[in-house]
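Derivation of every value follows stated rules applied to the coordinates shown; laboratory data play no part. It should be emphasised that the depicted structure is a prediction, and the values quoted were computed from it without experimental measurement. Neighbour counts run over all protein chains shown; Cβ positions are idealised from the backbone, glycine included.
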Amino acid sequence: MNETLRSTRFRAEREPTWQRLEALIASAERGGFRRLRGHQVAELATLYRATVSSLSVARAISLDRNLLDYLESLCQRAYFVVYGPRRRVREMLTSFLLRDFPGAVRALRWHVALAALIFIGGVAAGWALVAQDPERFHAFVDAGLAGERGPTADTETLRASLYDGDELSDGDLSRFSAFLFQHNARVGILSFAVGILAGLPVFLLMAMNGVMLGAFSWLYTSRGLGADWWGWVLPHGITELLAVVLCGGAGFALAQGLLFPGPRRRLESLALRGREAGTVVLGAILMLLLAGLIEGIFRQRVTDIGVRYGVIVVTSALWIGYFGFGGRDRGAA
């Protein structure tokens, strides 16, 4: 009886505060935190602290369970309104694409440059080694990937492989696009993940992918199909290869955080680099999805070499502008 009376008096004295807090929470949950006006935000913080104090007192004097459950639930809801994220999913996605991703790439520009340099070196090495001995082509390129393309293939077979899109159905193109995305995403994520192993596996992955591209490039160029080859590769390759290189740069950033922590503790340095690198990898996965769509659908349908090179120019300009200037003003602000 005494416990019930104490709970009734306790509720009567403080219930208007809880009801007002509940009304503000409901308003914020319906329309977002920005719906609240300035004085309401200040009032919300004051009411939240008062309600948390009420909950502490209620626990200390052992009031009834129903009242404690109500106050705990109210405090939890208020906590997420006061301290939770202020942005909706659409706003967070917009911020990521327009500011966070290009900013993180610029922050890791030297790591990305190192990955790009290794990749380009691999292309040059693959070209030179296969030019010296064409049989090395099979050592650098998996038989399943090469298919009928190889040093023994005739020129018409190689040419047909660049312009056979009309023979594929829409279902074939969709499956091809999905396969390419999964393969490239796997390579990119692996390049990032193995950065924790001091960076050496990242070096090998970048070089091996470059060597494979170099081997193919020599093969087609040696048959007088160099322009056709690059017109086939680069419409999607600008986006795809850039994404893979970004993942490699993220892997090198992890390696730096592990090997050269600087004034921070090793785990702190690794966590800092991991956040930056993770942002880069997430954006790179979206780039790989876009590249897969271009490779699996657009490139197989559009066989005009002039249009293909037009896509190369436009894509290159867009990525240069995006990573060079994306989010700079907002970031400075």
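Just a few scattered comments:
- Label sites at residue 113 and residue 76, each approximated as a point 7 angstrom past Cα along Cα to Cβ, lie 5.1 nm apart.
- Once the Cβ-Cβ distance of residue 304 and residue 30 is raised to the sixth power relative to R0 = 35 Å, the FRET efficiency obtained is 0.10.
- Proxy reagent accessibility, fewest Cβ within 10 Å first, across 70, 79, 220: 79, 70, 220
- One decimal place: the segment residue 50-residue 159 gains 31.6 nm when fully extended, by the rule 0.36 nm per residue minus the C-alpha distance.
- Packing-based order for 205-211, 281-287, 130-136, using average beta carbon neighbours within 10 Å, highest first: 205-211, 281-287, 130-136
- Relative packing of peptides 151-159, 48-56, 112-120, 239-247 - highest average C-beta neighbours within 10 Å first: 239-247, 112-120, 48-56, 151-159
- Relative to the compact-globule estimate of 2.2 N^0.38 Å, the Cα radius of gyration of the stretch 191-306 comes out at 1.31.
- Between residue 120 and residue 272, the FRET efficiency from the beta-carbon distance, with R0 = 30 Å, is close to 0.55.
- Ranked from largest, the principal axis spans of the Cα set of the stretch 94-332 equal 60, 39, 28 Å.
- Residue 302 long-range amide H proximity, modeled H, under 5 Å: none
- Counted charge near residue 282, where neighbours are those whose Cβ lies closer than 13 Å (Asp, Glu -1; Lys, Arg +1): -1
- Each residue in 236, 39 was given a count of other beta-carbon atoms within 10 angstrom of its own, and listing them fewest first yields 39, 236.
- Here 319, 127 are placed in order of increasing Cβ neighbour count within 10 Å, fewest first, which gives 319, 127.
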